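Take a look at the structure below.
The values are calculated or read from the model by the stated rules, or taken from the named source; none is laboratory data. Here the structure is a predicted model, which is why all the values come from computation and not from measurement. Cβ sites come from the backbone with ideal geometry, for glycine too, and all protein chains shown count toward neighbours.
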């Protein structure tokens, strides 16, 4: 009986530890992973992709964050897509809609309201979607290539 109680206590303690660590990480960052494959992984070819819903100059936007974990510069390209609360995909797949950025080795690029990297800011109004109906952001045909080749 004492042994069972000990194991139950250890299990509860480990559960609380994992939960606390998850919440701590969540509270420090509003970035959500962009599912780049069917398993939902947000890293492809050494580049990690995330997003966050925000407001920029009164407009509802999605900021994109890319982190290059490679020891070389890469070019990242994708088409933006938005998934709504009522399970509808809105996507932009014309050549003019393609997003493309180059990341230096071991660097990070975050979308923000400064306007220095417009590729990293997605206007929800371009998809006729309001923030209240937004569910998640997607990156279609996400590709990473070595910028030096």
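Go through region 99-114 and give me each residue that's under 22 Å from residue 47 (Cα atoms) and out of contact with any helix residue (DSSP H, G or I) (no Cβ under 9 Å at 6 or more places or on another chain). First the steps, then the outcome.
If we filter region 99-114 for residues that are under 22 Å from residue 47 (Cα atoms), which is where we start, we get 99-112.
Matches in region 99-114: 102, 103, 104, 105, 106, 107, 108.
Looking only at region 115-149, count every residue that is in a helix (DSSP H, G or I) and either surrounded by 17 or more Cβ atoms within 10 Å (Cβ to Cβ) or modelled with pLDDT of 95 or more (or both) and tell me the total.
In the first step, residues of region 115-149 are kept if they are in a helix (DSSP H, G or I); the result is 118-120, 124-127, 131-133.
Filter again for either surrounded by 17 or more Cβ atoms within 10 Å (Cβ to Cβ) or modelled with pLDDT of 95 or more (or both), leaving 119-120, 124-127, 131-133.
Counting residues in region 115-149 that are in a helix (DSSP H, G or I) and either surrounded by 17 or more Cβ atoms within 10 Å (Cβ to Cβ) or modelled with pLDDT of 95 or more (or both) gives 9.
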